[in-house]
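Okay, structure first, notes after.
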Amino acid sequence: MDTREKILKAAAEMLAEDMGAKLSVRAVAARAGVSTGSLRFHFPTQRALQDSLLARIYEHLLPGDPIRDPALPPRERLLNCLRQILALIGTNEDARTAWGATYRTFIEPEPTEQLRAAYLCHEREAERRVEHWLTVLAEEGALPPGDHTRNLRFLLTILNGLSVERALPTSQSVFMAEAETLNAAVDFILSAGPGSPVEPTQP
C-alpha cells in the first residue's frame, strides 16, 4: 500500500470511530505511521485531506438502489441515496462545469415553452427518484404513509443547495459541511416516523 493510501485508510478508520473527528495532520500522520511532512506532501492542507477522504467514501457507495440495501438501517440508506446523487455532480472543476452547463441551458436563454418542457422533464425524473426512496421507507414503516410531497421538495432543495456549494469557492471542507447538512436533513425527515405527530399539510 502506498503512502497516500495508508493516509486515507488511517483517516477513514478515525472517522469510522468518531464522525466528529477533526482529522488533524499530526493525528492522522501518527495513525498512518508516516511523518507529517509526508502527509503534507500528499495533502497540503487539512481540508485537502478531508475532501479526498470523503470523496473516496462517496465514490465507493454500493451501486444500484441503496434504499433497498437490507444490510443497513433506514437512516443510513437514505443518507447513501443522497450521497450517491451528489457524487454524480463531482467537486471543484467538475461541479463548476456541470452548473455552468445548467446555467447556459436553462437559465441564460429566454424561457420558451420548449425549454420549460425540457427542464420539467429533468425535474420530474429527480422527483420520481426521491419519491421512490420515501415510498420504500413508508412501506417499511420508517415514515408515515400518505403524501410525501413536503419531504420530497425539502430533500430536493437540500440536494440543489449542496450541489451549488460544490461549485462555489469556500473556506472550509465542502464534504465536512455537506455531511452535517445531510445528517440534519435525514434526521428531520425520519423524525416524522411511527409514533411521531405529523403536521397537517397547509392549503
Relative to the longest principal Cα axis of the chain, at what angle does helix 92-102 sit, 0 to 90 degrees, rounded to 10?
-> 20 degrees
Quickly work out the Glu125-to-Ala177 label distance, labels modelled 7 Å from Cα along the C-beta direction, and quote it in nm with one decimal.
-> 2.9 nm
Relative to the longest principal axis of the chain, what angle (0 to 90°, nearest 10) does the C-alpha long axis of helix 3-17 take?
-> 60 degrees
Across region 85-202, how large is the tail of the calculated P(r) beyond 25 Å, expressed as a percent of all Cα pairs?
-> 35 percent
To the nearest 10 degrees, how steep is helix 74-89 against the longest Cα principal axis of the chain, on a 0 to 90 scale?
-> 80 degrees
Residue-span extension gain [Ala101 to Asp69] - 0.36 nm each, minus C-alpha spacing | 8.2 nm
Among (1) 155; (2) 116; (3) 164, the entry derived from the coordinates for volume of the Cα convex hull per residue in Å³ | (1)
The chain: most fluctuating residue of Ala27, Ala87, Ala185 per GNM, C-alpha cutoff 10 Å = Ala27
FRET efficiency, Glu76 to Gln114 (Cβ-Cβ, R0 41 Å, nearest 0.05) | 0.50
Report in % the part of the accessible area of the chain that belongs to carbon and sulfur, leaving out ligands and nucleic acids; probe 1.4 Å.
-> 57 percent
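The values are calculated or read from the model by the stated rules, or taken from the named source; none is laboratory data. Values in this document were obtained by computation on a predicted structure and should not be read as measured data. For neighbour counting, all protein chains shown are included, and Cβ atoms are generated from backbone atoms with ideal geometry for every residue, glycine included. Accessible surface is based on the protein model in full, side chains and every heavy atom, while ligands, DNA and RNA are left aside. Shrake-Rupley method; radii C 1.70, N 1.55, O 1.52, S 1.80 Å.
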